[in-house]
Amino acid sequence: MVLSSLALLPALDSSVHSDVALYQSVTEDLLAGKLPYRDRVLAYPPYAVPVFLLPRLFGGNSYPCAFMWLVLAADWLLKLGLFALGSKHSTKFRSFLPLVCYCVAIPFLRFFFLQRYDIWPSLICVLALWLFCAGRPALSGLCLAIGAGVKVYPLLFLPPLLVLAARQGNARRFFLGATAGFMPMVVLSFVLPWWRFAEFQGARGLQCESLYASLLWLAHLAGLAQAKWGSVEAGIEVQGPLAAAILPWARLIWATTVLFSVALASWAAARCETRSIGQVARLLLIPLLAFIAFNHILSPQYMIWIFPVAALAMSTGKVWPVFLIVPATMLTPIIFPALPGHYGTGLLLPETLVLVVRNLLLVMAWALLVRELLQAVRRARWTS
């Protein structure tokens, strides 16, 4: 834990990224009476705003430094949680695996790790899983709702956990906790049109790191297709007539795989014995992987979402399907920031090959976990 944190410390002296500057500008506008969603565009859900405000407690002039130190503190909380949960629910060897894999892989993301707020929804999700498995369904539902208001993806966890709660006779408590978590958003909707953040995301094209963009750019470098590497307001995209033709199909594939994965996890939750936090994490990892691997937007910080859940999933079951996420995470700095200037102007062939391998590793992990879950459901049916 200490060595992993020491590896992150040099990033504290990095220049301020545009993301942190955006978070700071949101707080400055808010304190000046300029409301997000109404008076300015904001691409994040409403519960992200309190996270942006938190560094202001240490003074406006020190915002970037305070933000990074708070992320480092959240990282420590997550590490302590992985250690405690692993030692409680696993054998002696496996108890260290979640923490070790997290501590080894996360320093590879140090270029942006301390300058994104994505560690906070990850921490909230781990807390929600711990509360659920500790017999606190109402608090677990509350945490997941808050997490969804910080970053949308925890919504994927609600249906499978609701089914598990129903099997335990706790569906009402879990549902009420989630409802309480969403209620401030409902009240806020009468004042601010916070749902506009989804419109911003829905207008985006093929983000350059997505599965579809990586394959298209590889085909372009091989002379098999025409594509353009272009910068837009929301980031970097692979553009062109073929990219525009692929985009609707990419969105359809993403929606289909996500819905299938949520339905499969919920169906399995109704039929299989899922007691330990590792088993629950493996169940939830399937819709989360689908959400990331098949998305037409795959920003590098998405790896921060997936790794804590994947680390918990390593505490039980076969290691190697989940372990594929470790090299996928470690390959990320070759892609982003890549060599100087390449991420902004277009990845070279070696970098593009690494990107394709990273994306295929995520797809392979999803496919193997889906097969594992289908086999578990089949065995449960035969047993019954």
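The values are calculated or read from the model by the stated rules, or taken from the named source; none is laboratory data. Keep in mind the model is a prediction, meaning the values are calculated, not measured. FYI the Cβ positions are ideal-geometry reconstructions off the backbone, even for glycines, and counts take in every protein chain you see.
Here Leu216 fits the description: touching a helix residue (DSSP H, G or I) at 6+ places or on another chain (Cβ under 9 Å), assigned to a helix (DSSP H, G or I) and under 30 Å from Pro350 (Cα atoms).
Counting only residues that are under 19 Å from Ala43 (Cβ atoms) and in contact with a strand residue (DSSP E or B) (Cβ under 9 Å, 6 or more places away or on another chain), segment 227-251 holds 7 of them. Is it the case that some residue within segment 17-29 is in contact (Cβ under 8 Å) with a residue 12 or more places away in the chain, over 22 Å from Leu312 (Cβ atoms), touching a strand residue (DSSP E or B) at 6+ places or on another chain (Cβ under 9 Å) and not acidic (Asp, Glu)? Yes; the residues of segment 17-29 include at least one that is in contact (Cβ under 8 Å) with a residue 12 or more places away in the chain, over 22 Å from Leu312 (Cβ atoms), touching a strand residue (DSSP E or B) at 6+ places or on another chain (Cβ under 9 Å) and not acidic (Asp, Glu). Per the conditions (1) aromatic (Phe, Trp, Tyr); (2) buried (at least 17 other Cβ atoms within 10 Å of the Cβ); (3) more than 16 Å from the chain's Cα centre (by Cα), the sole criterion not satisfied by Trp305 is (3). Scanning segment 1-45 for residues that are among the hydroxyl-bearing types (Ser, Thr, Tyr), under 19 Å from Trp194 (Cβ atoms) and not in a loop (DSSP other than H, G, I, E, B) turns up Tyr23, Ser25, Thr27. Checking each residue in segment 179-203 for being closer than 23 Å to Gly141 by Cα and among the β-branched types (Val, Ile, Thr) picks out Thr179, Val186, Val187. Segment 267-384 holds helices (runs of 4 or more DSSP H) entirely within its bounds, and those carrying 3 or more residues that are of a type in the set (Val, Ile, Thr) map to 277-293, 302-313, 325-330, 332-335, 349-383.
When you scan segment 51-61, do you find a residue that is surrounded by 14 or more Cβ atoms within 10 Å (Cβ to Cβ), among the charged types (D, E, K, R) and either in a helix (DSSP H, G or I) or without any contact (Cβ under 8 Å) to a residue 60 or more places away in the chain (or both), even just one? The answer is yes; a qualifying residue exists. Within segment 200-241, the only residue that satisfies the criterion of being in contact with a Lys or Arg (Cβ under 6 Å, 6 or more places away or on another chain) and under 13 Å from Ser299 (Cβ atoms) is Ala234. Restricting Val100, Val150 to residues that are within 21 Å of Pro321 (Cβ to Cβ) and not basic (Lys, Arg) narrows the list to Val100. You will find that of Leu161, Leu82, the residue that is within 15 Å of Leu284 (Cβ to Cβ) and out of contact with any His (no Cβ under 6 Å at 6 or more places or on another chain) is Leu161 and no other. For Leu215, the criteria (1) at pLDDT below 95; (2) within 23 Å of Ile334 (Cβ to Cβ) hold in every case but one, which is (1).
Looking at segment 71-92, can you tell me whether even one residue there is at pLDDT 95 or above, surrounded by 22 or more Cβ atoms within 10 Å (Cβ to Cβ), in a helix (DSSP H, G or I) and among the β-branched types (Val, Ile, Thr)? Taking every residue of segment 71-92 in turn, at least one turns out to be at pLDDT 95 or above, surrounded by 22 or more Cβ atoms within 10 Å (Cβ to Cβ), in a helix (DSSP H, G or I) and among the β-branched types (Val, Ile, Thr). Within segment 1-32, the residues that satisfy the criterion of being of a type in the set (D, E, K, R) and surrounded by 15 or more Cβ atoms within 10 Å (Cβ to Cβ) are Asp19, Asp29. Do we have any residue at all in segment 23-42 that's closer than 29 Å to Val326 by Cα and among the β-branched types (Val, Ile, Thr)? The answer is no, given that none of the residues of segment 23-42 is closer than 29 Å to Val326 by Cα and among the β-branched types (Val, Ile, Thr). Residues of segment 180-213 that are crowded, with 18+ Cβ neighbours inside 10 Å, of a type in the set (Gly, Ala, Ser), out of contact with any strand residue (DSSP E or B) (no Cβ under 7 Å at 6 or more places or on another chain) and not in a helix (DSSP H, G or I): Ser210 alone.
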